[in-house]
1. Please say if the protein assembly as shown is rounded, prolate or oblate, where rounded means a/c under 1.5 for a ≥ b ≥ c the square roots of the C-alpha gyration tensor eigenvalues, and otherwise the choice is prolate for a/b larger than b/c and oblate otherwise?
2. Below 8 Å between Cα atoms, with a sequence gap of 6+, how large is the relative contact order for chain B in percent?
3. Please compute the average number of Cβ atoms from other chains found within 10 Å of each residue's Cβ in peptide A:132-138.
4. By DSSP, what percent of the beta bridges with both residues in the protein assembly as shown are antiparallel, rounded to the nearest 5?
5. How would you classify region A:89-143 from its alpha-carbon gyration tensor, with a ≥ b ≥ c the square roots of the eigenvalues: rounded for a/c under 1.5, else prolate if a/b is greater than b/c, otherwise oblate?
6. Got the relative contact order for region A:1-90 handy, in percent, Cα pairs under 8 Å and 6 or more residues apart?
7. Classify chain B from the C-alpha gyration tensor, please: rounded if a/c falls under 1.5, else prolate or oblate depending on whether a/b exceeds b/c.
8. To the nearest 10 degrees, how steeply does helix A:52-69 sit against the main Cα axis of chain A, on a 0 to 90 scale?
Amino acid sequence: MGAWLTDGAIDVAGLLAAVAADGNGGTVVFLGTVRRSAEDGDVEAIEYSAYREMAEPELERIVAEALAQWPGARIVLRHRLGVVPTGEASLVIAASAPHRADAYAASRFVIEETKRRAPIWKKERLASGRARWVEGRPAGGER
Amino acid sequence: MPEMHIRVRLFASYAEAAGADEMTVALPAGATAADCLAAVRAAPWAGRVPPAPALAVNRRYAKGDVVLRDGDEVAVIPPVAGG
């Protein structure tokens, strides 16, 4: 598995270290976590699956686009696959930039494009024992 | 007319409906990604695949008019829900 997807818990401190730079005065960390509430019951976990061979290069392209748009930024992203229990992070983005506005903007760009373009799907496992695919949005659709 | 063999990848609810995460589709030379999609949608399980889902050819998003070559990999991409 490449650098962008992981089957285990995400090492936030490791990602922070990866974007540290003396010239960068602002660092933003975004965590997407599995939340309990859903339309039809409490969520115990979400099972993430992906088109791995495409998700890796697609995430790499998204980060490359952000780096081109915000020069001087450093950005890393990890998306977890497999079963992620409620409360744990399914995605972490760390972004640093010379100034905070760019760090926030780059982080926001990466999460929005990831949700729009990454070929990743999720199935909720409910407390009732049922499981259901979460209806996503058409890939590559409107921003 | 020579025949091409296209590897079709299926995911999430589509794979579950198909009972498989890939299939092979035989198409005539010159066929497009849309032709491949039509072949997939003709399968008995494919009722939940919409008329115009996102497609990827060789692991990049592609439009239906892309002309395929023998051995290409086409993915029918269900609505995505990463993050």
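Where a number appears in this text, it was derived from the coordinates with a stated rule and is not lab data. Because the structure is predicted, anything quoted here is derived from the model rather than measured. FYI the Cβ positions are ideal-geometry reconstructions off the backbone, even for glycines, and counts take in every protein chain you see.
1. Values: a/c = 2.60, a/b = 1.48, b/c = 1.76.
Oblate shape, in that a/c is at least 1.5 and b/c is the bigger or equal ratio.
2. Relative contact order of chain B: 38 percent.
3. Values: counts 1, 7, 4, 4, 9, 4, 8.
If you average over the peptide's residues, the count of other-chain Cβ atoms is 5.
4. Roughly 90 percent of the beta bridges in the protein assembly as shown run antiparallel, per DSSP.
5. On the way: a/c = 4.18, a/b = 1.95, b/c = 2.14.
Oblate, since a/c reaches 1.5 and b/c is not below a/b.
6. Numbers: 103 pairs, mean separation 46.4, N = 90.
Relative contact order comes out at 52 percent.
7. Working: a/c = 1.84, a/b = 1.44, b/c = 1.28.
Prolate, since a/c reaches 1.5 and a/b exceeds b/c.
8. Relative to chain A, helix A:52-69 is tipped by roughly 30 degrees.
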